[in-house]
Every structure is written in structure tokens, then in C-alpha cells.
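For reference, the structure is listed below as C-alpha cells.
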Amino acid sequence: MKFIISTSRCYAATNCRLLNFENRTYKNSRFFRNSVVLQLPSKEPLKTDTKPPAVPPYISGSSVDNANQSLQSTEKKNASLNNTVVKHDNNLDNKQNMNESKILDDNNFTMRLVKKIEKWSPSTAKYARLSVFGCKYLYKDVLVLLSAYKKYYSSDLSSLTYAELELKYRLPLQLVRLTPILIFWPVPFTNLFLFPLAFMFPKYLLSEHFWTDEQLKEYWIKDQQNNFEHNMRVFEHLSLMAEECSDDMLLKWFRVIECLGAGGVSPVDDIIQAIPVFTMFPYHFSTLPRQHIKVLLKMYNIHRGWRRRVRLKKLAQYIQLMDRAIESEGGPDKLNDRQLKWACLFRGLSPFSSSRETLVLYLKDWIKISSKIDNDSLSCILHCQVLLALNRPENNILKNTE
């Protein structure tokens, strides 16, 4: 080691270039050590009392105008940049909405798959189309239902639209039908028999989104036939309870019952004049007989559990909210065909043997009666489908077919 160190020192002493390099680095290091460290001045608070600086004498007026013009041009450029940024953000939002609508409206991959299946076997392609479009409609309705629940928990039921009120009433019961498929679908090899079984029994295992138009008509008519039998029993109870009443107002009520008993359709004005009867015994909610309450629960497909009167009263309030929502949104004319058919079906009129004009007129008569009902006569709204639609010619299908 001593020999290596001594030879390196001798080489450094004989080599002048190496000595010059060492001297330079030594001087530079001394310079950086002794140099003053530059510090940026700290930001002072703005003084409001100070006047703006005057224009220096060597700057002419034209140069000042040029400076102002340059400032205005820079402001315009910044504003244009901000507008372009806002437009770009709006374009991005529009593109996102377009992408969502594409996902919902025309899914290219699924439609290609359906077309390939249709070439292979048209019968299976029919069920493939039902499943694809059913999932789309179900997805849209679930989004509307979630927004309805958000509005309901944040404010009140009165803030909901008619579509939200309708789906809040109908969709939860239909989602219950899909629970067996949702539970057993992740299990391996269950798809081989689960989906064929669901399409074999669509009324019990699928929602209305996966039904064909023929199935929808068939199942709705069957349900309405069962309800029509309960309507007849409700009318019998109403006529029997009328014998227990004694008041001058009951003359108008007897006129309505006699018209229905003779097989006619009672006028809307007579029903409106007989509304105060439902504030008295025995038509008030608190005085309705138990047998009559059971028949009303069957007529509206409600379970016959505890708190029957409370649930019937809530249903009457909910129906009145739907009527107000229809009226506030422009009337029955603004409803689409599916909403109009279900609204008339729910209110006792068969929608398949009548035109759109008759359905709209029926809903207008219903809303006219519903607007005259207050909290004391709320039980009248549960009997409106008996008073309005019992002897309608559109419901002859329900009488003839068994």
C-alpha cells in the first residue's frame, strides 16, 4: 500500500495538468463557500392607502394605449379559454349521456349475438330478445325507483312524479318474483334449467318486463276477473249497508245504488253529490264492517294481516296522490299507452277492449271525483271502481269469460 501511495504522489507531482485541475476545483470550492446566499423577498401585505404608480415620463400615450389593448386582448383570450373549457366539459357530459343511452338503447354486442342466434334457431332468438330488452327495461325502472326512494326519504311522497309513484307501488312486488333467479343464478350449472323454467312459468318467476304482449294481456285479464268477483261482493255490501242509514243526503246515494242495481252506469255528478255519505256511519273508515274490509283487501290484492284499516287508509291516500300527480303533469293525455292501461286496470276498467279516448275519459271522470274527496270521506276512493266501472260495457269480457 505504501508503494502504491508513493507512486501516485510522484505521478501527480510530475503531471502538470492534474495539478492545474486540483487548483481550479479548490478555488471554486472556496468561492461557493464564501458566496452570499440569495434570498427571495417575502410577500408583503397589500397596502390599500397607497396610490397607484404614475406613468413614467418617458412612456408616451400611444404606448399606454397599446398596453391597455394588450391587457384587453389577454382578458379576452382568458375568457375564450374559460368558455372553451366549459364547452369541453359540457361536451364530455353529453358524450357520457350518449354513451349511457347507447348502453340502454342499442347494445351492439347483444344485438349481434341475438341475430346470430336467430339464424341458428328463431324460437330461441325470441326468448333471447325478451331477456335482452327485459333487462334494459328493468334497469331503467330500477333507476327510477331508486330516485323515487331518494326523494321520499329526503322530502315527502308529494314530491314524486306519477311514474315514480307507480313504480314505487308496482316494482317491489315484481322484484320479489325475480329473487329465486337472482339467488340460484351464481350457482354453477343452474343456468341449464333455471332460465327455461323461468320462461315456462313467467307469471311466478319473471317480472312484467320479460313478458310478451300476449302474456301481459292474458295475466292482466285473469287478475281483473278475480277482482271483478270481489267488486260484485263490495256492491252487495254497499246496498245492504244503505238500509241501515237514515238521512236526507241518502236520497242521492240511493239513486246511485238503484242505477247500479238496474245494470246502468251512474253519472259522475250523482257520485260527487253522494260523497258526504262516506263521512257517516257505516261508510266511514272507522265504522266499516270487518267482512267489508276483508273484501276490500282482496279486491286490491293486499294481505289480510294486522292493521287492516290503517293499510287501507294509506292505500286510499296513495291513490289520491297518484291522481294529483296525473293532474299536475297535464292530465291523462300525457300518459303513454302502458301507463294509461295500467292506471285504468288498477281503477277497475278493462283496458284491452276500449280505445285510448275512452280510457282518457274514464281517468278524467275518476280524477274529477277524487279531487272532491277529503280526509273524512277517504273511504269513497276505494269504492270508486265499483261506482264507476261495475256496469261498463268495456268490462263485459270479465263477466262472460270464466
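Where a number appears in this text, it was derived from the coordinates with a stated rule and is not lab data. Remember, predicted model here, so these are calculated numbers, not experimental data. Cβ coordinates were reconstructed from backbone atoms using ideal geometry, including for glycine residues, and neighbour counts include every protein chain displayed.
Compactness ratio of the range 272-313: Cα Rg over 2.2 N^0.38 Å, N = residue count? Output field value: 1.22.
Take the Cα of SER159, step 7 Å toward its Cβ, do the same at ARG304, and the gap between the two points is 3.9 nm.
Please express the Cα-Cα pair-distance distribution P(r) of the range 274-402 as a list of whole percents, one per 10 Å bin, running from 0 to the bin with the greatest distance. Bin by bin from 0 Å, the calculated values are 12, 41, 35, 12, 0. Summarised in one figure, the compactness ratio Rg/Rh of the range 121-191, Cα atoms and Kirkwood Rh, is 1.11. For the range 148-307, the spread of Cα coordinates along the three principal axes comes to 71, 40, 30 Å, biggest extent given first.
Students often check this: by mean Cβ neighbours within 10 Å, which of 361-372, 299-310 ranks highest, and how do the rest follow? Show your work: numbers first, answer last.
Working: 361-372: 18.0, 299-310: 12.1.
Averaged packing, sorted descending, gives the order 361-372, 299-310.
Non-local lysine pairs in the range 274-361, meaning eight or more places apart or on different chains, with alpha-carbon distances under 18 Å, amount to 4. Built from the Cα atoms of the range 215-307, the convex hull projects on average onto 7.3 nm², one quarter of its surface area.
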